[in-house]
Structure formats: structure tokens, C-alpha cells
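Here's the structure, in C-alpha cells; my notes come after.
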Amino acid sequence: MAAPSLDKLANRFSERGVGSVFVYTHEAHPGENYPHLTSMEQKFRHARRLREVLGVGRPILVDALDGGCHRAYGSMPNMSWIFTATGVPVYKSDWTDAASIANAIEYSLDTSERRRAKERLAPFRVERLDFRNHDREAFFEGLERNGPKAVREFREAFG
């Protein structure tokens, strides 16, 4: 589960001027307990409950009901982005993984230090394939938290 590990990561890097927020977009697998969102009031209730249930300590930003922010940044189910202080994206991942994010933050902070040391740097793009733990049991616990409908529909779709 990414929420607690990312809070630890946020705390670890906050001393170095790195901020972190959680953007609540929508229920990926709606169920009886957390149904499909139909109002902003409901969406805010779900976000508050997410903070309680998962123990999210970072600020939670709530996307518009139509998911405009989520769509603008790629619509992936569990994505992560890292931006410089000036808004330049330096990391984009279609899945949230604390180890991958920590690696990217360290690299970005090292790059900043190298620039301050007047090292001449030229940007280039990298694409790599990272690997994460696939904890199916924890995933299904999350589905069960949403309700039996979420579990049933996921099993029907993906086996």
C-alpha cells in the first residue's frame, strides 16, 4: 500500500525542501461502501475517509468531479509525478512505487546540487522499466474495503 510508505518518504525529504501531496481523483473500483462519485460533497467525504482509513498524513487535494486533473496528467490508476519548484516535470510513473520515487527525488536533488556547484548540465529523457511488489492480498483487502461489488466486478474483469 503506497499511502503509508509515501508519507514516510514525504517526511524524509521534507527537510530538503521537497513537498508532497496526494491527489484524490475517484474510486478506481467503486463498491457499496465507496460507490461511484456523483457529487463534490461525496468526493470530499471519501477523501476524508481515505485519510482516516489509510492514515494519509500529506495534504490531500481533491480533483474536480469530472476528473479534469486526472485526465490532464494521464488518467493512469495510480500514477505519480515529480515537478521541480518551477513546475518542470522530472518524473512520471504510471504506478506509484516508493522506492522508484525515492530514487527519482535523490537524483533530482543531486542534480540541483550539481547546478549550484556550477556544473554544466544538459537535460535528456530516459525511459526505464521499474518493478514493484505485487501484493495481491493487500490489493484485495482494498477492494473489500470498497465493498463486495468492487471485488466481484474486478474478479469478473480480470479473473
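Per-residue ellipticity at 222 nm from helix content only, as computed over the chain with -39500 (n - 2.57) for each DSSP H run of at least four residues, stands at -14500 deg cm²/dmol.
Per-residue Karplus couplings for the stretch 66-72, computed as 6.51 cos²θ - 1.76 cosθ + 1.60 with θ equal to phi - 60°, are listed in order as 7, x, x, 5, 4, 5, 4 Hz, Gly and Pro entered as x. Debye sum, Cα scatterers, the stretch 18-159, no solvent: what log₁₀ I/I(0) at q = 0.10, 0.15, 0.17, 0.22 1/Å? These q points yield log10 I(q)/I(0) values of -0.44, -0.90, -1.10, -1.56. Take each peptide in 76-85, 25-34, 12-21, count the other Cβ atoms within 10 Å of every residue, and average; sorted highest first, the result is 25-34, 76-85, 12-21. For the options Val90, Val126, Val23, a Gaussian network treatment of the chain with springs between C-alpha atoms closer than 10 Å singles out Val126 as fluctuating the most. A simple spin-label model places pseudo-atoms 7 Å from Cα toward Cβ; at Glu153 and Trp95 they are separated by 2.2 nm. Using Cβ point charges alone (K and R +1, D and E -1), the dipole size of the stretch 8-88 about the Cα centre works out to roughly 320 debye.
Candidates Phe140, Ser100, Gln42 compared by Cα position along the dipole of the stretch 2-158: farthest toward the positive end lies Ser100, with charges placed on Cβ. For the chain, lysine pairs separated by 8 or more sequence positions, or belonging to different chains, with Cα-Cα distances below 28 Å total 5.
To the nearest 20 Debye, how big is the dipole of the chain about its Cα centre, given +1 on the beta carbon of each Lys and Arg and -1 on that of each Asp and Glu? Here the size comes out at about 540 debye. All other residues whose Cβ lies under 13 angstrom from that of Leu121 are scored, Lys and Arg at +1 and Asp and Glu at -1, for a net of +2. Taking amide H positions as modeled 1.01 Å from N, with prolines and chain starts lacking one, the residues under 5 Å from Tyr91 and 5 or more places away or on another chain are Ile82.
Bear in mind these aren't lab numbers, they're just calculated from the coordinates by the rules spelled out. All values derive from a computational prediction rather than experimental measurement. Neighbour counts run over all protein chains shown; Cβ positions are idealised from the backbone, glycine included.
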